[in-house]
Amino acid sequence: MPWLTMATAASALLAAALWFGARRRFESAQQPLWFCALLGFVLSALAAASGLGSSAALLLEQARDYLALPLLAAVALALGRHWQWQGSVWGRVVLGLCLFFEVARQLQALEDYRLLLGLLSVALILYSALCRWPARRALPLGLASALLLGGAVLAPPMSTIALASSALSYPLLALLLVRLCEAPRG
């Protein structure tokens, strides 16, 4: 099991590195989008590498489930639809995700919220690939990463299935984001 955790961390870091390689294609107006994508990948990598049982590991797992994946889905949506959001909008997205997490925590509905947010994120990733239908390279990447992330969302947290699905999905998601940057408007 520890090697699978490390593989998940390594794949998330690889995805972040691929995303970093695509950075040269960004204009300065897209820097907040770039920062949010990198934040999502790094939080996912840290959560996978943190191990089980400690309170820091729990915080990182919650950051991955309630912030990183929805943030990556929002990045994919913005790229897929060619939306140019200002930095203040990205800040509001992050604050909104934190606010809804706290509301769900206060209502003691974290598991239901995690499932809903994860499935919505998977749907947004798939939709972002479908937005670029003429650019057919994005669709298989979007479908594969959405299916694998769906498996990770539906499986119990930190289970072997969730870790294996995550290890495979993050590099595909990074490639999808790079493809969405390159693909012409459909």
Flagged pairs (Cβ under 7 angstrom, 6 or more apart or on separate chains; first in segment 165-182, among the acidic types (Asp, Glu); second modelled with pLDDT of 85 or more) are none
Checked Glu61, Glu102, Glu111 against criteria (among the acidic types (Asp, Glu), touching a Pro at 6+ places or on another chain (Cβ under 8 Å) and in a helix (DSSP H, G or I)); the one match is Glu61
Apart from one, (1) of a type outside the set (A, V, I, L, M, F, W, C); (2) over 22 Å from Leu14 (Cα atoms); (3) in contact with a Phe, Trp or Tyr (Cβ under 8 Å, 6 or more places away or on another chain) all hold for Tyr170; the odd one out is (2)
Cβ pairs under 6 Å, 6+ apart or interchain, first in segment 81-98 and more than 24 Å from Arg179 (Cα to Cα), second assigned to a helix (DSSP H, G or I), ordered by first then second residue, are Leu97/Leu67; Leu97/Pro70
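Looking at Val89, Val122, Val103, Val94, which is the one that is under 17 Å from Ser44 (Cβ atoms), at pLDDT 90 or above and out of contact with any helix residue (DSSP H, G or I) (no Cβ under 6 Å at 6 or more places or on another chain)? Outline the logic, then answer.
Details: Val89 fails: under 17 Å from Ser44 (Cβ atoms); Val122 fails: out of contact with any helix residue (DSSP H, G or I) (no Cβ under 6 Å at 6 or more places or on another chain); Val103 fails: under 17 Å from Ser44 (Cβ atoms).
Exactly one residue qualifies, and that residue is Val94.
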Going through segment 64-99 in order, the residues found to be under 17 Å from Val153 (Cα atoms) and either among the aromatic types (Phe, Trp, Tyr) or not in a helix (DSSP H, G or I) (or both) are Tyr66
Task: Yes/no for Ser50 being without any contact (Cβ under 8 Å) to a residue 40 or more places away in the chain and among the polar types (S, T, N, Q) - done: yes
Residue count, segment 142-153, condition within 23 Å of His82 (Cα to Cα) and either surrounded by fewer than 21 Cβ atoms within 10 Å (Cβ to Cβ) or at pLDDT 95 or above (or both), comes to 2
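Here is a check on your reading of the model: is Leu33 modelled with pLDDT of 75 or more, surrounded by 16 or more Cβ atoms within 10 Å (Cβ to Cβ) and under 27 Å from Thr160 (Cβ atoms)?
Working: modelled with pLDDT of 75 or more: yes; surrounded by 16 or more Cβ atoms within 10 Å (Cβ to Cβ): yes; under 27 Å from Thr160 (Cβ atoms): no.
Taking the combined requirement at face value, the residue does not satisfy it.
For the structure I just gave you, tell me whether Val122 is buried (at least 19 other Cβ atoms within 10 Å of the Cβ), within 21 Å of Val153 (Cα to Cα) and β-branched (Val, Ile, Thr). Quick ask: steps written out before the conclusion?
Working: buried (at least 19 other Cβ atoms within 10 Å of the Cβ): yes; within 21 Å of Val153 (Cα to Cα): yes; β-branched (Val, Ile, Thr): yes.
Yes, satisfied.
The values are calculated or read from the model by the stated rules, or taken from the named source; none is laboratory data. Here the structure is a predicted model, which means the values were calculated and not measured. We place every Cβ from the backbone using ideal geometry, glycine too, and count neighbours over all the protein chains shown.
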